[in-house]
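Okay, structure first, notes after.
The values are calculated or read from the model by the stated rules, or taken from the named source; none is laboratory data. Just so we're clear, the structure is a prediction, and the values are computed from it rather than from any experiment. Here the Cβ is made from the backbone with ideal geometry for all residues, glycine too, and neighbour counts use every protein chain on show. Accessible surface is based on the protein model in full, side chains and every heavy atom, while ligands, DNA and RNA are left aside. Shrake-Rupley method; radii C 1.70, N 1.55, O 1.52, S 1.80 Å.
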Amino acid sequence: MNKSKFPKLWTILSISLASIIVIALGFLLLFPVALISPNVVNLGHIPDRVYKEYKFKIFNLGLRPIAISKVSTGCACLGNPIASPVIRPFSSVEMSGRFSSGYKRRTLNEIILVESNSFLTPVLKAFVSGYVSPQIIIEPDQVPAGTVQHSELPVDREIVVKFEDSQLNQDIAVRSDRPYASVRISKSKDPNIWIATTTLSEATPVGVISGNIEVESRVDGWNRKIAIAGRVVGTISCDPETVYLGDINHGTVLPEPVAVKIAGMNLNNVSFSIEPKSANSRLTVSRLNESTLKIDVRANASPGIIQGRVVIAESDKRTLELPVFGYIVPRDANNASSGDSDRIAGQ
């Protein structure tokens with residue numbers, strides 16, 4: 001008798017299973033079904049004041065399209081996640097956004113809600129998690145080197161590093177990307193404040209300083225680059241201080257151009273000209289190397305007195321004026337001098 005019941009029980013189970021399958025297929029045929037994966041995106045350790053991208057996938061497991069009607073977040077720090085408004089049957093779309101750590105401190109665990117026409121899951125939930133470093137403030141935002149005379153080097157300049165949480169400042173490193181600028185870090189009386197001191201050495205070149213120091217936490221992994229803003233001014237000098245060309249015969253040039261050494265300035269970074277116009281028509285000036293100018297007489301220069309100046313300008317500002325004097329002797333004067341000499345010799 002028990003044996004005769006087994007077929008009936010198996011028949012009932014088979015019918016029930018078939019009914020469940022039919023109902024499930026009916027759901028797939030009649031209603032869209034949405035699924036989001038993964039449910040949680042962990043961004044790990046996030047430095048202060050950065051953006052970090054997160055991504056989810058939304059799947060349509062049904063035979064009807066899914067229409068996403070709304071995407072909302074539990075925090076402005078998650079921005080505005082973007083996803084395609086329609087998901088075709090048995091396909092998926094990517095939803096992505098950018099997390100901004102400037103809005104958040106410490107533990108991150110924020111929700112994203114996706115509303116759609118999915119029958120079983122009209123509201124999908126996903127979470128973005130992680131840990132945000134407490135804020136670090138560096139004041140000022142540049143190392144204030146200012147204008148320094150080269151003779152005053154070495155000089156020290158300080159910036160203040162403030163921590164929102166004193167537990168973070170246990171292992172701070174600082175470094176410079178310029179060989180002439182060294183930097184060191186020291187604690188102040190306030191446990192949340194450190195002082196970074198940058199020393200510009202005597203090897204700092206004259207001109208605009210273009211370097212950075214980097215402040216880094218070995219514990220939390222954050223780092224911040226700070227520009228060194230300033231200028232080193234040198235004592236500018238030239239040798240000779242005045243150029244005397246003497247008498248030059250008309251139609252000739254100098255046997256050897258006059259070389260003028262300029263100290264305290266890189267001639268590759270400046271412009272130079274000859275004033276006034278009368279002198280400019282008789283002289284030429286060119287750069288021999290980064291510290292030497294070359295002055296010569298034009299081959300077609302007109303006779304007359306040379307009384308001018310070489311003007312050196314840096315950043316469109318007149319920096320140095322070099323006086324130049326000479327005399328181009330007319331041809332007639334040369335002949336007269338030659339005739340006099342012959343007459344004297346004949347006597």
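Mind putting a number on the dipole of segment 80-130 about its Cα centre? Charges go on the C-beta only, +1 for Lys and Arg and -1 for Asp and Glu, and I need it in Debye to the nearest 20.
Using Cβ point charges on Lys, Arg, Asp and Glu, segment 80-130 gives about 240 debye.
Per 0.36 nm of contour for each residue apart, how much would the distance between HIS45 and ASN300 grow if the chain were fully extended, relative to their Cα-Cα spacing?
Gain on extension, HIS45 to ASN300, equals 84.4 nm.
FRET efficiency for GLU256 and SER210, Cβ-Cβ distance as r, R0 = 45 Å, nearest 0.05? Before the final figure, lay out each step's value.
Numbers: r = 38 Å, r/R0 = 0.84.
Calculated transfer efficiency: 0.75.
How would PHE119, PHE31 rank on accessible area, largest to smallest, probe 1.4 Å?
My answer, sorted largest first, is PHE119, PHE31.
What's the carbon and sulfur percent of segment 219-323's accessible surface, probe 1.4 angstrom, rounded to a whole number?
Values: 2640 of 5680 Å².
So the carbon and sulfur contribution to the accessible surface is 46 percent.
Testing the spin-label approximation: label points 7 Å from Cα along Cα→Cβ at SER186 and ILE236. State their distance in nm.
Roughly 3.7 nm, to one decimal.
Which order do CYS77, CYS238 take by accessible area at a 1.4 Å probe, largest first?
From most exposed to least exposed: CYS238, CYS77.
On the accessible surface of segment 58-98, probed at 1.4 Å, how many percent belong to carbon and sulfur atoms?
After summing per-atom areas, the C and S share lands at 55 percent.
Mind giving me the FRET efficiency for SER281 and GLN142? R0 is 45 Å, r the Cβ-Cβ distance, nearest 0.05 is fine.
Once rounded, the FRET efficiency stands at 0.45.
Accessible area per residue for segment 209-270 in Å², computed with a 1.4 Å probe and the full protein assembly in place, what is it? Please list the in-between numbers first.
On the way: 3180 Å² over 62 residues.
Ligands and nucleic acids excluded, the figure is 51 Å² per residue.
Quickly work out the VAL160-to-THR197 label distance, labels modelled 7 Å from Cα along the C-beta direction, and quote it in nm with one decimal.
Placing both labels 7 Å along Cα→Cβ, they lie 1.7 nm apart.
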